[in-house]
Amino acid sequence: MRPMATTDPSFRRYLPWVVALAFFMQTLDTTILNTALPGMARDLGENPLRMQSAVIAYMLTVALVIPASGWLADRFGTRTVFLWAIALFSLGSLGCAASPTLRMLVIARVVQGVGGALLAPIGRLVVLRVFPREQFLPVMSFIAIPGLVGPLIGPTLGGFLVQFVSWHWIFLINLPVGVAGVWASLRFMPQLRSETPSAFDWGGFVLFSLGLMLSSLALQGLGEHLVSTALSVICLVAGLCAMAAYWLHATRHPRPLFDPALFKIPTFRIGIIGNVFARLGSGATPFLTPMFLQLGLGFSPSEAGLSMVPTVIGAMLTKTLATKLIQRQGYRRVLVGNTLILGLMIASFALIERGTTHLWLAVQLGLFGMINSLQFTAMNTVTLGGLDTTTASGGNSLLSVVQQLSMSLGVASSSLFLLLFSGAPVNRANPGVDLVPAFHATYIAVGAMAALASFIFFQLRPQEGESGPQARAAGDSIQD
């Protein structure tokens, strides 16, 4: 990489604020939408149980674009790509606010996802290049704070905007933040690029992306019955064939998109597979719960948003305790035990009835936030713990992709369960269907899926997972 004016003190003084602003914009948008989905469904004339495509479209796009982020920065420069990322994210936000139909909303969310996929990786890359290694972790810890504030205020802000203003404003508020981000990037973001950018594995990228898209479309088709079952099965088979073709391609390519040699590292292999299954539950719960509170328990959007705050507070409190607990008990014991508790915690939401007090609901959501945060911290660090300087970048990128992919699969699978258990379709003409039993059954199914990941983490050896400084820094920089 070629630095440009990185010795200027203003770059190091203000650069973390620029990256933090981008992190805040991304995490706020991710969490503000879930509370608004029922209100958006009413306005768009859609079934509120079929609004998951607006969430999945963003997550899947992020998963597809992340692998290309490093090459784009090397080829076109970090400042250029970062500016384009903010511009695309803002343009997608404007398109979302102006969407008259769910289909147009999904298209706008794809544009937004392209920008969102580049913000965090490029921001981390610039910080890594500009700051000395001994300052990397403190700087990333500072940048992570707005990433935690976004989820804290997102559900509440989304609920209040939907109830008292309009759902369109959950996207329009990104525009002034985007303008500020562009101004700050032009002044303080260095233009770093490689003199000789390495060749990008376009063949592997196409095969990998095609596999993800076809498989996701097949799962949505099977769940929503928007296309014939035969076409959904064909898409599923084609997606699996594309992924198999990518695996064969990667074993022969000199510099594949994701090196298969990463899976020869036991902790990485177990961590990645465990991430997929554990996040099926933990990724579905933030999507399910605001809808359950509104469609099942009759909460207003603002009440539902405020009810989600204990989840984020619990997650923040656990951040300070997770490292000590893991060091004392070891990764194997923590992950096996906590994964089982996580599954039981998700299933316990089936005990919430209409008469449940707000205090008990806050306690339950707070405990879930604590357990979920510990799960993320342990999974991230055990996955990256066995990597060295030559494999840390590729492993970190693959982990980011798996995080987005597994959360999108969690949303898709929970939506499928909800539609199956609800039986009668819910729409504007039939709002009186009692959805509480369907949500209860869905929570139990999702909790069971998450708990099954404990068998995967049981394959860890008692002393496996000790992480070095680079792995811890990479793990801490991943936003959950």
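List the helices (runs of 4 or more DSSP H) inside segment 291-363, counting only whole elements, that have at least 3 residues being β-branched (V, I, T).
The qualifying helices (runs of 4 or more DSSP H) are 309-329, 331-347.
Suppose we filter F89, F24, F76 for residues that are on the phi < 0 side of the Ramachandran plot, touching a residue at least 60 places away in the same chain (Cβ under 8 Å) and in contact with a Lys or Arg (Cβ under 8 Å, 6 or more places away or on another chain); which single one remains?
Numbers: F89 fails: in contact with a Lys or Arg (Cβ under 8 Å, 6 or more places away or on another chain); F24 fails: in contact with a Lys or Arg (Cβ under 8 Å, 6 or more places away or on another chain).
After ruling out the rest, the residue left standing is F76.
For segment 183-202, name all the residues that are open to solvent by 50 Å² or more (accessible area, probe 1.4 Å), touching a residue at least 40 places away in the same chain (Cβ under 8 Å) and more than 17 Å from F76 (Cα to Cα).
R187
Just to be sure, is L210 open to solvent by 30 Å² or more (accessible area, probe 1.4 Å) and modelled with pLDDT under 85?
For L210, the condition - open to solvent by 30 Å² or more (accessible area, probe 1.4 Å) and modelled with pLDDT under 85 - is not met.
Does at least one position in segment 230-238 carry a residue that is part of a helix (DSSP H, G or I) and either open to solvent by less than 10 Å² (accessible area, probe 1.4 Å) or among the charged types (D, E, K, R) (or both)?
yes
Do you know which residues across segment 345-363 are open to solvent by less than 20 Å² (accessible area, probe 1.4 Å) and within 15 Å of S282 (Cβ to Cβ)?
Listed by number, the residues that qualify are I346, F349.
Considering only segment 364-400, state which residues are aromatic (F, W, Y) and either open to solvent by 40 Å² or more (accessible area, probe 1.4 Å) or over 13 Å from the mean Cα position of the chain (by Cα) (or both).
The one that is aromatic (F, W, Y) and either open to solvent by 40 Å² or more (accessible area, probe 1.4 Å) or over 13 Å from the mean Cα position of the chain (by Cα) (or both): F368.
Considering segment 122-137 alone, what residues qualify as being buried (at least 20 other Cβ atoms within 10 Å of the Cβ) and modelled with pLDDT of 75 or more?
Listed by number, the residues that qualify are I122, G123, R124, L125, V126, V127, V130.
Of all residues in segment 252-290, which are touching a residue at least 24 places away in the same chain (Cβ under 8 Å), of a type outside the set (A, V, I, L, M, F, W, C) and not in a helix (DSSP H, G or I)? Don't jump to the end; show me each part of the working.
Here is the first cut: in segment 252-290, the ones touching a residue at least 24 places away in the same chain (Cβ under 8 Å) are 253, 255-259, 261-262, 265-268, 270-290.
Then keep just the ones that are of a type outside the set (A, V, I, L, M, F, W, C); that gives 253, 255-256, 259, 266-267, 271, 274-275, 279, 281-283, 285-286, 289-290.
The answer is H253, R255, P256, D259, G283.
Which members of segment 401-410 meet the condition of being closer than 15 Å to S209 by Cβ and open to solvent by less than 10 Å² (accessible area, probe 1.4 Å)?
Initial filter on segment 401-410 (closer than 15 Å to S209 by Cβ): 401-402, 404-405, 408.
Listed by number, the residues that qualify are V401, S408.
Which numbered condition in (1) assigned to a helix (DSSP H, G or I); (2) open to solvent by 10 Å² or more (accessible area, probe 1.4 Å); (3) of a type outside the set (A, V, I, L, M) is the only one that C96 fails?
Of the numbered conditions (1) assigned to a helix (DSSP H, G or I); (2) open to solvent by 10 Å² or more (accessible area, probe 1.4 Å); (3) of a type outside the set (A, V, I, L, M), the odd one out for C96 is (2).
Please count how many residues of segment 260-301 are in contact with a Gly (Cβ under 8 Å, 6 or more places away or on another chain), open to solvent by less than 10 Å² (accessible area, probe 1.4 Å) and farther than 25 Å from V382 by Cβ.
2
Of W17, W84, which residue is touching a residue at least 60 places away in the same chain (Cβ under 8 Å), under 23 Å from the mean Cα position of the chain (by Cα) and farther than 24 Å from S216 by Cα?
Only one candidate passes the filter, namely W17.
Just need a number here: residues in segment 40-54 that are assigned to a helix (DSSP H, G or I) and open to solvent by 10 Å² or more (accessible area, probe 1.4 Å).
Qualifying residue count for the region: 6.
Of all the residues that make up segment 10-32, how many are hydroxyl-bearing (S, T, Y) and either closer than 22 Å to P301 by Cβ or modelled with pLDDT of 80 or more (or both)?
Number satisfying all stated conditions: 3.
Could you list, ordered by first residue, the pairs with Cβ atoms under 9 Å in which the first is in segment 104-116 and modelled with pLDDT of 90 or more and the second is assigned to a helix (DSSP H, G or I) and charged (D, E, K, R), at least 6 apart or interchain?
Hits for this filter: Q112/D29.
Considering only segment 203-218, I want to know if a residue exists there that is free of Cβ contacts under 8 Å to residues at least 12 places away in the same chain and of a type in the set (A, V, I, L, M). Spell out how you get there, then give the answer.
Taking segment 203-218 and keeping what is free of Cβ contacts under 8 Å to residues at least 12 places away in the same chain, we get 206.
Applying the additional criterion that residues be of a type in the set (A, V, I, L, M) yields 206.
Yes, segment 203-218 has at least one match.
Quick grid of which residues meet (1) under 20 Å from V19 (Cβ atoms); (2) open to solvent by 30 Å² or more (accessible area, probe 1.4 Å); (3) acidic (D, E):
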position	(1), (2), (3)
V62	yes, no, no
T80	yes, yes, no
L91	no, yes, no
M104	no, yes, no
G116	yes, no, no
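Given the structure, is T251 modelled with pLDDT under 85, over 24 Å from the mean Cα position of the chain (by Cα), open to solvent by 80 Å² or more (accessible area, probe 1.4 Å) and not acidic (D, E)?
no
The values are calculated or read from the model by the stated rules, or taken from the named source; none is laboratory data. Since we're looking at a predicted model, the values are computed, not measured. Using ideal geometry, Cβ is built from the backbone for each residue, glycine included, and neighbour counts are taken over all protein chains shown. Heads up: the accessible areas ignore ligands, DNA and RNA and are worked out on the full protein's heavy atoms, side chains in. Shrake-Rupley method; radii C 1.70, N 1.55, O 1.52, S 1.80 Å.
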